[in-house]
Amino acid sequence: MSSISLRSNIASLRTQRAVAASTASLSESFSRLSSGLRINKAKDDAAGLAIAAGLNADAAVYAQGYRNVNDAVSMLSVAEGALNEMRNIVIRQRELASQASNGTLSLTQRRALHDEANALTSEFNRIIASTDFNTRTLLDGTLEEIGVQAGYATLGNIPLQLGAELERTVGTGTFSGLFTANVLAGTISVNGLTTGDFNNDSDLDFITTGSTHSIEFFQGNGDGTFKGAAIVDGGVSNSGVVSSGDYNGDGNLDIVTATADFKVYIGNGDGTFEADVQYSASNTIINVLSVDVNGDGALDLLGARNNGIDVLLGNGDGTFKATASYAFGVNGRVAAGDFNGDGYADVARAMGTTTYIALANADGSFRAATSIAVEAYDVAIADIDDDGYSDLLLNNNDAFILRSNGDGTFTAPETVIAGVIGDLAQFSDMNGDGILDIVEADYSGAFVHVALGTGSGTFATSVSLAVGATTSRALAVGDVNGDGAADIIRSASNRTLVTLAETTTVTEMAHVRLLTQAEALEATAVLDETLERVSAELGVIGAGLSRLTIASSNLQKSREAFVSAASQITDVDVASEAAKLVRSQILQQAGIAVLAQANQSPQLALKLLS
């Protein structure tokens, strides 16, 4: 039973506490409903707040990862656009090469095709050099593997690398690594050397001829080394010099040797050869060429002999017509090229104080020779300035160029390698830029010299390579170790020496030559390879875009999941909180009303005292 007291109003105190509680609850509901959050202070749910903070951090990381992936997609899209244009360029060049390989075209028409093809080459290389994203070049091979951060740490990293498929290995113009392939016992001196894939295993082989009755085949291992020599023919009276080519059109390389006569060996495609078929020569043969003299598409044989040349026109089936002889100089080797742009193989011969020139006729015969008062030991022929006319490289104590005037005459000599005693020389692309360079072997054999072409018909300062002090008897260039760079092969005395090229990688397209039918056919294969590289790089881009698209979708879904999870913890249930708000309002109002009544209780005691 409660008593009436003046000193304490317990009912009022209890009511005040209830009103305070309902007011606090009402304030909490207002806070939650106005912010939309169930947890506004740590005391609301400390554990839930900690979990939600982690979930929100994950959502923020995945949101940034999504943006990172989109940046990477933009980068790949830039690269893809450039590659599509590069592919269009190569397709157009392939079309030009096919057109230039048509035998009905003249030099003037091929020049126009050649100029367009190389203008496109320049644009191809400009695109490679200029395609960038955020100042980083994408296609020139300098972009190392980059990581697209699509989440946390290493597991969230997506690696990308651009330009790798465009890369090709080329020589630097410098050389190292001397390998000696010793010929079989009994061969005292190597006279001839020819290279090619004679067994169709995609590795470069070489064949040598010696002065003691043997023709020897060295099978390449594809790493710069060769298996021991196999005898092709050990019963010849004097194997002399050698050349190779596909004389019967079966896709296998054949060989011809020549000294007192010509001997043709038809290849079986496995490194073996059919027994020789002999054709007469009018005198001792000094060197022999496999070249299409009359432009009929079949390889012919052209041999330099004392006081002239012998020509055997090919029938295209591995047989040859009777030997035709032409008086042409006194001695020395010959080389073939087109000095007047008519599509037929003219010849030049250098030995002693005079260099001789003979222009070819359409039927494979030769006009009377003319002479140039230039002393030389050897001659090489190539079109070094892209005018469609073959120029001369002559050797004596210097190596010098005579540029063709297009009519069988030549300009004054221009020295390109000074102070050497050259005996063997040839043109070849030693650094993979599509521009012809010069390779020359000293008469003493101690050095080989390489002068790189600049692309304007001139040559950079030559590099001298020490290759052993022994007389050079034959010189060839080829990729013996399959690395894509041209190596130097030199036969001397009783061994063959191989000097390997040092290499680098580039993504640029090489210079394209379409000035002759043969060059256009060669360019077709090069352009097909370039198109394959561009297509492969597009494949990498496509794969990367596909992966990034999936990663982007996954990041979006993951972010949504984390946001949803955090929302379940932190977001207010509006319906529930609104009901609670109404309840708190009612309780507060009821409490205030009751408090007013409770505060009247002391008045009852005063009435009792009055």
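Could you check how much of the accessible area of the chain is carbon and sulfur, as a whole percent, using a 1.4 Å probe?
Carbon plus sulfur share of accessible area: 52 percent.
Roughly how tilted is helix 46-100, in degrees to the nearest 10 and between 0 and 90, from the longest Cα axis of the chain?
On a 0 to 90 degree scale, this one is about 20.
Can you compute the FRET efficiency between THR154 and ALA575 using 1/(1 + (r/R0)^6), with r the Cβ-Cβ distance and R0 = 56 Å? Round to the nearest 0.05.
For THR154 and ALA575, the calculated efficiency is 0.80.
Using only the alpha carbon atoms of region 478-532, find the Kirkwood hydrodynamic radius as the inverse mean reciprocal pair distance, in angstroms to one decimal.
Values: mean 1/r = 0.0731 Å⁻¹.
Across region 478-532, the inverse of the average 1/r is 13.7 Å.
Dividing the alpha-carbon Rg of region 11-146 by 2.2 N^0.38 Å yields what?
Working: Rg = 34.8 Å, N = 136, 2.2 N^0.38 = 14.2 Å.
It is 2.44.
Say the dipole of region 548-610 comes from +1 at the beta carbon of Lys and Arg and -1 at that of Asp and Glu; which of ALA565, SER584, LEU606 then lies farthest toward its positive end?
Ranked along the dipole, the leading option is LEU606.
Using only alpha carbons, build the gyration tensor for region 319-462 and give me the equivalent ellipsoid semi-axes, biggest first, whole Å.
Computed over region 319-462, the values are 25, 18, 14 Å.
Could you tell me how many cubic angstrom of Cα convex hull volume region 468-610 has per residue?
Residue-normalised Cα hull volume stands at 296 Å³.
With a 1.4 Å probe and every protein chain left in place, work out the accessible area per residue of the chain in Å², rounded to a whole number. Can you show the working numbers first?
Working: 27180 Å² over 610 residues.
Counting only protein heavy atoms, the per-residue value for the chain is 45 Å².
Determine the relative contact order of the chain: mean sequence separation of Cα pairs under 8 Å and six or more apart, normalised by residue count, in whole percent.
Once divided by the residue count of the chain, the mean separation gives 20 percent.
List the residues whose amide H sits under 5 Å from the amide H of PHE175, counting only those 5 or more places along or on another chain, with H placed 1.01 Å from N in the peptide plane.
When sequence neighbours closer than 5 places are left aside, the close amide H contacts are GLU502.
When we measure straight from the Cα of LYS43, which lysines land under 28 angstrom away, once same-chain ones fewer than 8 places off are left out?
LYS580
Amide H to amide H under 5 Å from VAL416: which residues, 5+ apart in sequence or cross-chain, H placed 1.01 Å off N in plane?
Correct list: ALA399, PHE400, ILE401.
Please report how far the C-alpha centroid of region 73-117 lies from that of region 386-461, rounded to the nearest whole angstrom.
The two parts, judged by their Cα centres, are 29 Å apart.
Give me the orientation-averaged projected area of the Cα convex hull of region 271-380, in nm², one decimal. Walk me through the intermediate numbers first.
On the way: hull surface 29.4 nm².
If I average the Cα hull's projected area over directions, I get 7.4 nm².
Amide H of ASP571: which non-local residues (sequence gap of 5 or more, or other chain) have their own amide H closer than 5 Å, using H built in the peptide plane?
So ASP571 has HN proximity to ARG38.
The values are calculated or read from the model by the stated rules, or taken from the named source; none is laboratory data. Computed from a predicted structure; not experimentally measured. Glycine also receives a Cβ, built like all others from the backbone with ideal geometry; neighbour counts cover every protein chain displayed. We work out accessible area using only protein heavy atoms, side chains counted, and drop any ligands, DNA or RNA first. Shrake-Rupley method; radii C 1.70, N 1.55, O 1.52, S 1.80 Å.
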